[in-house]
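Participant: Mind looking over this structure? Questions follow.
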Amino acid sequence: MSELRFDPLKTTWSVIAADPSRGPGDYIRERTTASLAACPLCSGNEEKTPPELFALRPSRSAPDTPGWQVRVIPHRYPALRIEGSVDRRQWGLYESMAGVGAHEVIVETPEHGPSMADLSLPELAGVLQAYRARLLDLRRDRRFRTILVFKNHGPEAGATIAHSHSQLIAVPITPPAILTELGACRSYFAEKGRCLKCDLLEQERREGGRIIRDDGAFVVYAPYASSFPFEFQIAPVHHGHDFGALSDSDLEGLAAALGDGLRRMRRVLHDPPYNFVLHTAPPETPRPGHPEYWQTLSRDFHWHIEVVPRLTRIAGFEWGTGFHINPTPPEAAAGFLRAADGSASL
């Protein structure tokens, strides 16, 4: 019999199939590929992109020239633009504001072929350093309430360019999904005096059935109420609310866990399309009329990374209820991923 499971962090329900469940082979299909022609993100094509905002350049080469390891540029067709004021307006039940924000592209490698799963430990740590640098820079802009780092891998997951890259979008409001997560953490802390994510991780590590990898610093696991088959999360064992506060050593440890998880997923599911989202504390700018809003943020929120393979589609039931149907229980998914080889060599 199927089971309804509740996610206390997202405050959502998922329908988890019990018998029969679908294994990796049921999701493997021919993947589409994006065009490789005239890629603007390749090294040597820097003139085809806007001027860089940040780069790791081991060779100390000049900006907007070859010699970079990771490069961050403004999106050529930004969803939101950095210039202007928020200009929030309301009439009747409707409300609007200017499309102010930031939209950036983090180019993860100068080479066209490698994916994030192919990057070496130093290369992947460099990508995470770029995330940290841009978060720290943009959070100084008091207009922004949320800064979201995400990755679309494969056309089915929304990638329009094959060259491996991530994106960052900053917005002047707190989106409902993030507000729900922040509220759940704050409410739990108010009631229990403990971090919700810390308690979830403690239970997952104690039970063990959904753990994919645990090196004592970072845990890779399939969430109890996984909305999608083979989704997994990565979180630090020790409490921390702010990804921007991680040291270079911390980022190397995270890179090891992230690379391992992505390679396991690629081997089990034959390089599926996926989305990746970094959940970190929002900029701690005081909110007018809400003096209590940030008082417990450093204690109640716990940053984490969510990786979701795009193996199923959202249809009428999901749109109508907000529930998700997951035909592969997270315990089974974790077992397949745990058994896979996560090493860098093929």
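The values are calculated or read from the model by the stated rules, or taken from the named source; none is laboratory data. Treat the numbers as computed from the prediction; the structure is a model and nothing was measured. All Cβ positions, even for glycine, are placed from backbone atoms using ideal geometry, and neighbour counts span all protein chains on display. Side chains included, ligands, DNA and RNA excluded: accessible areas come from the protein's heavy atoms. Shrake-Rupley method; radii C 1.70, N 1.55, O 1.52, S 1.80 Å.
Participant: Hey, could you pull the Cα Rg and Dmax for the chain, both in Å?
Facilitator: 20.3, 62
Participant: Another question about this same structure. From the helices alone, meaning DSSP H stretches of at least four residues, give me the mean residue ellipticity at 222 nm for the chain, per-run term -39500 (n - 2.57), in deg cm²/dmol to the nearest 500.
Facilitator: Computed mean residue ellipticity for the chain: -8000 deg cm²/dmol.
Participant: Looking at the chain, do any whole DSSP H helices span at least 18 angstrom along their long axis by alpha carbon and average -1.0 or above on Kyte-Doolittle, and which?
Facilitator: Sorted by number, the helices that extend far enough and score high enough are 121-138, 176-192, 248-269.
Participant: Also, quick follow-up: Which one, Thr146, Thr321, Thr285, has the greatest fluctuation when you compute a Gaussian network model over the chain with C-alpha springs under 10 angstrom?
Facilitator: Thr321
Participant: Oh, and also: Quick one: Debye curve from the C-alpha atoms of the range 28-131, no solvent, what's log10 I(q)/I(0) at q = 0.12, 0.23 Å⁻¹?
Facilitator: With one equal scatterer per Cα and no solvent, log10 I(q)/I(0) is -0.55, -1.26.
Participant: For His238, project a label point 7 Å along Cα to C-beta. Then give me every residue of the range 196-220 with its amide nitrogen under 18 Å of that point.
Facilitator: 197-199, 201-202, 214-220
Participant: Now a separate question. What longest region of the chain stays clear of GluC sites (Glu not before Pro) that DSSP places outside H, G, I, E and B and that have at most 16 other Cβ atoms within 10 Å?
Facilitator: In the chain, the maximal stretch lacking such sites is 112-283.
Participant: Over the chain, how many pairs of lysines fall under 28 Å by alpha carbon, counting only those 8 or more apart in sequence or from different chains?
Facilitator: 5
Participant: Okay, next question. For the chain, give the percent of accessible area contributed by carbon and sulfur heavy atoms, probe 1.4 Å, rounded to a whole number.
Facilitator: 55 percent
Participant: Which value in nm describes the separation of the simple spin-label points at Glu47 and Gln90, placed 7 Å from the Cα toward the beta carbon?
Facilitator: Each label point lies 7 Å from its Cα, and together they span 5.1 nm.
Participant: While we're here: State, as an integer percentage, the relative contact order of the chain based on alpha-carbon contacts under 8 Å between residues 6 or more apart.
Facilitator: 22 percent
Participant: What Kirkwood radius, in Å to one decimal, follows from the Cα pairs of the range 205-256?
Facilitator: After inverting the pairwise mean of 1/r, the radius is 12.1 Å.
Participant: In addition: Restricting everything to alpha-carbon atoms, can you work out Rg to Rh for the range 126-250 with a Kirkwood hydrodynamic radius?
Facilitator: Value, to two decimals: 0.97.
Participant: Using only the Cα atoms of the range 153-193, what do you get for the radius of gyration and for Dmax, in Å?
Facilitator: 16.5, 47
Participant: Of Leu41, Ala117, Thr146, which is farthest towards the positive pole of the chain's charge dipole, taken about the Cα centre with +1 and -1 on the beta-carbons of Lys, Arg and Asp, Glu respectively?
Facilitator: Farthest towards the positive end: Thr146.
Participant: For the chain, modelled as a GNM with alpha-carbon contacts under 10 angstrom, which of Leu93, Leu196, Leu297 fluctuates the most?
Facilitator: Leu93
Participant: How much accessible area per residue does the chain have, in Å², with a 1.4 Å probe?
Facilitator: Working: 16300 Å² over 346 residues.
Heavy-atom accessible area per residue stands at 47 Å².
Participant: How large, in Å, is the range 91-198 by the Kirkwood hydrodynamic radius built from its alpha-carbon pairs? If you can, show how the numbers build up before the last one.
Facilitator: Working: mean 1/r = 0.0603 Å⁻¹.
Its Kirkwood hydrodynamic radius stands at 16.6 Å.
Participant: Give the Kirkwood hydrodynamic radius (Å, one decimal) of the range 104-146, defined as one over the mean of 1/r across all pairs of different Cα atoms.
Facilitator: 11.8 Å
Participant: Moving on to the next point. Roughly speaking, what is the stretch gain from Glu331 to Glu83, that is 0.36 nm per residue apart minus the C-alpha to C-alpha distance, in nm to one decimal?
Facilitator: 84.6 nm
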